[in-house]
1. Name the single residue, out of those in the range 268-277 being buried (at least 17 other Cβ atoms within 10 Å of the Cβ) and assigned to a loop (DSSP other than H, G, I, E, B), that is modelled with the highest pLDDT.
2. Please enumerate the residues belonging to the range 138-154 that are out of contact with any Asp or Glu (no Cβ under 8 Å at 6 or more places or on another chain) and either open to solvent by 60 Å² or more (accessible area, probe 1.4 Å) or among the aliphatic types (A, V, I, L, M) (or both).
3. Among the listed residues GLN347, GLN364, which satisfies the condition of being of a type outside the set (Gly, Ala, Ser), out of contact with any strand residue (DSSP E or B) (no Cβ under 9 Å at 6 or more places or on another chain) and either at pLDDT below 90 or under 26 Å from TRP43 (Cα atoms) (or both)?
4. Mind listing whichever residues of the range 279-301 are under 19 Å from ASP149 (Cα atoms) and buried (at least 21 other Cβ atoms within 10 Å of the Cβ)?
5. Taking ASP56, is it over 18 Å from the mean Cα position of the chain (by Cα), surrounded by fewer than 19 Cβ atoms within 10 Å (Cβ to Cβ) and over 29 Å from PRO263 (Cα atoms)?
6. When GLU161 is evaluated against the numbered criteria (1) out of contact with any strand residue (DSSP E or B) (no Cβ under 7 Å at 6 or more places or on another chain); (2) open to solvent by 30 Å² or more (accessible area, probe 1.4 Å); (3) charged (D, E, K, R), which criterion, by number, is the only one it fails?
7. Quick one: count up the residues across the range 105-114 that are open to solvent by less than 60 Å² (accessible area, probe 1.4 Å) and not β-branched (Val, Ile, Thr).
8. In the range 212-267, what count of residues is obtained for those that are free of Cβ contacts under 8 Å to residues at least 40 places away in the same chain, among the hydroxyl-bearing types (Ser, Thr, Tyr) and not in a helix (DSSP H, G or I)?
Amino acid sequence: MSKKRVVVIMMVLISLCSVIWASGVDETTESAKKEITVMVPPWAEPSAELLQEFEDETGISVVMNIVGWDDIRNKVAIAAVANTAPADVIEVDWSWTGEFGAADWFESIELTEEERADYLTLDSFTYDGKLIGLPYANDYRLGYFNTADFAAVGYDSAPSEWSDMIQALKDIKAAGIKEYPMAITLSATEAATTSFFWFTLSNFGSVFNSDFSLNKENALASMKLLEKLISEDKLIDPANINMKDIEVYEKFTTDSTSFMIGPTYFVGRIHNPELSQVVDESKPTLVPGNGEVRSASFALPEGIGVSKFSEHKEEAIAFVKWYTSPDVQIALYGENGNIPTRRSALQSLIDEGLLIDGDIMLEQGDYIVSPFPGGIPNWYAELSNVIYNNINKMAQGDISPEEAVSNISNRLDELRK
């Protein structure tokens, strides 16, 4: 055999060995690599820089799957039929907790007592004692009032009880300051249901009895007062029956109304001159109480949880806890404007002067209550539908408060069975 041929054979063998060795290294590296997928709506997407911090800390890489909010619930349900996970970490809205919890589609998340105490809205993600998600975006109801309008009729602050608040609004209307000084959603939408919850809780007490039947006395008192404010006192614009919730809330920032109960994120909007015409006249306040109850608010937060069908549960839970940690919540407030769900994060933003009037928001957090005995039911969507449709019909004058309450109670009894 010639020396030239020997050299060629040796070169081929060396090349083959190199390929085999490299292949082995790639396989080892690939098998050691940790990767999870995260499915959230656009407003929950962290920056690439923030995700890189997580990967640097944990060695876990993250593939973001940004999906429309309405589509996420459907993807979870469809994937569950095949016992598969549409993603390892998934958006869990407060209103999905009952359905997801009853179906047992999500892993239980364990927290220390100290960690639990730092969250404001864990009850909204608890089903049958099982915590299936951690909240990342705070949204509970807070009062907002126009200081100039109230001062013009002799109030240097917002009344703390509903009876006094309604009288102040009547005074504002009588003085010709605002034709419709109170804003509340009355359309056949989810927002009318949640408005009914906080309106009842803060005015009269529980919406449901302990067995989840309707508290007819409180519900009827709430419906009657609502009808009176619309048709008799004319404090609420009847046009609200056809308006989306954001359109109703913007009545306040466009100086068309004097008082509303709205989302916590409006704390930022009312002080933003690009979004508000009443920057110097706007202040948040506690939701009024009823004499016996100082205040009451209803939470509508968003969270993330871990699919029970995930093949990377440990890594996914690590991401959930990192994503909802105080430092990351502060970062996400800066990136996306999401209001933190951790008391410590809110306090930090307040102390640093980054959240104007955040002290009121923090105080209102102490009065958050859930209207649902035993947690959010898996048939909540059907319940909400019957509530908002009957509120809308009553607001239009098509049915009486008594008929509305009867319709809601009868449908609720069917759902409970």
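1. SER276
2. Selection gives LEU142, ALA151, ALA152.
3. Criteria check complete, one pass: GLN347.
4. Matches in the range 279-301: SER282, PRO284, THR285, VAL287, PRO288.
5. So ASP56 passes the test.
6. Unmet for GLU161, out of (1) out of contact with any strand residue (DSSP E or B) (no Cβ under 7 Å at 6 or more places or on another chain); (2) open to solvent by 30 Å² or more (accessible area, probe 1.4 Å); (3) charged (D, E, K, R): (1).
7. Counting residues in the range 105-114 that are open to solvent by less than 60 Å² (accessible area, probe 1.4 Å) and not β-branched (Val, Ile, Thr) gives 5.
8. Residues in the range 212-267 being free of Cβ contacts under 8 Å to residues at least 40 places away in the same chain, among the hydroxyl-bearing types (Ser, Thr, Tyr) and not in a helix (DSSP H, G or I): 1 in total.
The values are calculated or read from the model by the stated rules, or taken from the named source; none is laboratory data. Owing to the predicted nature of the structure, the values given are computational and were not obtained by experimental measurement. For neighbour counting, all protein chains shown are included, and Cβ atoms are generated from backbone atoms with ideal geometry for every residue, glycine included. We work out accessible area using only protein heavy atoms, side chains counted, and drop any ligands, DNA or RNA first. Shrake-Rupley method; radii C 1.70, N 1.55, O 1.52, S 1.80 Å.
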